[in-house]
1. With each label point set 7 Å from Cα along the Cα-Cβ vector, what nm distance links Asp140 and Glu400?
2. Dipole magnitude of segment 320-436 about its Cα centre, charges +1 at Lys/Arg Cβ and -1 at Asp/Glu Cβ only, in debye to the nearest 20?
3. Compute the length gained on full extension between Arg450 and Arg174: take 0.36 nm times their separation in residues and subtract their Cα-Cα distance, giving the result in nm to one decimal.
4. Once all Cα-Cα distances of segment 105-461 are split into 20 Å bins that start at 0, what whole-number percent is in each one?
5. Please get the size of the charge dipole for segment 51-99, origin at its Cα centre, with Cβ charges of +1 on Lys and Arg and -1 on Asp and Glu, quoted in debye to the nearest 20.
6. List every residue whose amide H lies under 5 Å from the amide H of Ser96, counting only residues 5 or more places away in sequence or on a different chain, with H placed 1.01 Å from N in the peptide plane.
7. Once you charge only the Cβ atoms, +1 for Lys and Arg and -1 for Asp and Glu, what is the size of the charge dipole of the chain about its Cα centre, to the nearest 20 debye?
8. To the nearest 10 degrees, how steeply does helix 12-30 sit against the main Cα axis of the chain, on a 0 to 90 scale?
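Every read-out reported here was derived from the displayed coordinates using simple, explicitly stated rules and does not represent laboratory data. None of the values given here were measured: they were computed from a predicted structure. For neighbour counting, all protein chains shown are included, and Cβ atoms are generated from backbone atoms with ideal geometry for every residue, glycine included.
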Amino acid sequence: MAPDPESGDNSGMTRSIVSRRKALTGLGALLAYPALTRGAWADQFIDPFEFGLSGESQDDQSAAMQAAIDAASLRAKDVLLPPGEYYVRDLELRGSMRLFGVPGGTHLVGWGGGPIGRLGSVSDLVLDGMSFSAGEGRPDGENRGLLEFEDSTAVTIRNCMFTGAPICGLSVLRAGATIENCDFIGLGDAAIHSADSRGLMIRGNRISECGNAGVRIWRGESGPDGSIITGNRIAQIDWQGGGNGQTGNGVNVFQADDVIVADNVISGCAFSAIRVNAGNNTQIRGNTCLDSGEVAIFSEFGFSGSVIADNIVDGAATGISITNLDSGGHLATCTGNIVRNITAASAVNPDTRPVGIYAEADTVVANNTIEGVPGIGIVAGYGPYVRNVIVSDNVIIGVETGIGVSVVQEQSPGPVRVSGNIIGKGAAHAIVGMEWENIVSTDLAADAGRYPNVTVSGNTAG
C-alpha cells in the first residue's frame, strides 16, 4: 500500500512528490525576493528537501536543516525554505549566505533546550521572511534568545517574526547587525537584547506585549556602541522581572555611548518609554511616548551629553527627567518637546512626583511646551543637587505650579537662570523656591535676591 501523505509517514515516493509540491508552492512566493528564472534559481539556491527536510513532520529536523545550511555555505549558494513548520534547535548559521522563507508561511519552532539558531564569528548573513517561536523547548539562563549571535558583523534580519517564547527574541553579543521590518510579539523578556554590540541598526520593527523590555542596548563597561533605534513601534511592555526601573522600558540604554533613539512610537510601557542609564552622547529625538507608567524619558545616573529634543510625551507620571548629579549625571539639552497629561501618581513607583520636566546639572531646558500637570511644570534641582541650569522660553499651562527651583544653600549650589517663560492662567504659583519638596518661596521672582545662585527675569504669568 502506498504511504498516506496525511498520515505522517514520510517514506517512499509519496514523500518525494509531496516535498516537490511544497517546494514549488513556496517557490512562487520566494521568487518575489530574488526574482530569478528557474534555471538561475537552481544555480543560486539549495533545495533543503534534498537533505531530508520536511515541513510536515513534528520530529526534530535540525540535522536536515543543518545539512542544507552547510551545503549552501560550502557551495556559495543560498537556502529557500518553503511554507511549513520546521522543528529545529542549535542550528549553526553560516556567513556569506542568505536564508529565505515565506513571510507568514515559513515557521521555525524550537525543539529541546537550546535556541533555534546560533551565529558566531561570521559575517554577511541574511535571514529573511520566516517566523521563530519557542515550541516545547527554550534555553535556560538570563538574556537568552530564540536566535543568538555573537562576535559577528554584517548580519541582516528582515521580514521575520519572533513570538510565543518566555525568553528574548534576539540575543546579540559583541555583534553588528541590521534588524528591520520584523515583528516581536508576546516574548517573556526583551524583544531584542544586545550586550557590547558593534553597532546595531534597529529600524521599522513592530514590538508588543513583551515581559520586560522592547529593546535593550547594554554594555558590561561604559564605552562606544553607536546603535541606532529608529522608526519602530513599541507597545505594552511589562515589568515581570520587577525592580524600580530595570525592567518595563520600551528602549533601555545602559553604559552604551553614542546611541541614537529617534522617530519611534512607544506606548504603554510599565516604566519608561526611553531610559538611558550612564550613557554618553545619547540623542533622543522625535519620539512619540504615550502612557508611560513612570518617567516617560529618563536620562539618569552617570550620563553625559544627552540631547532630548522634539519628542512628544502624552501620559506619564513624570514627563522628562535629567537627574543624578550625585552620580555624575550632567550635561544635557532638553528642547522643543511637548509634555502633557501627566498623572497624579505612578502605579509602579510611588516615589515618582507629577512633574513635566526635571533637570539637575549643566542642562538647558528651553522652548518646550507643557500642559496638564497636577504638580510642577518644570523643576530645577533637588536639595543641593543643582548646578548650571537654564530654564528659558518655555510655555507652561494647566499646571498647579509653573516652575520650581531648589534654593537649598548647602554645598554651594550652582547657578540657575529662569527667564522668558510664559506660565498660563490658573496656576496657584508661577515660580517658587523649594527646599527639598517644600515650597519656601511662593514668589521666587520677588525673593531671588535671597538666593545668590538664582536669577529670575523676564517671565510672564497669566
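1. Here the answer is 5.0 nm between the modelled labels.
2. Values: 5 positive and 9 negative charges, 55 e Å.
Taking the Cα centre of segment 320-436 as origin, the dipole is about 260 debye.
3. Working: separation 276, 0.36 × 276 = 99.36 nm, distance 5.39 nm.
Gain in length upon complete extension: 94.0 nm.
4. 32, 50, 17, 1
5. Working: 5 positive and 8 negative charges, 70 e Å.
Charge dipole of segment 51-99: 340 debye, to the nearest 20.
6. Ser123, Asp124, Leu125
7. Working: 29 positive and 50 negative charges, 182 e Å.
The calculated dipole for the chain is roughly 880 debye.
8. On a 0 to 90 degree scale, this one is about 40.
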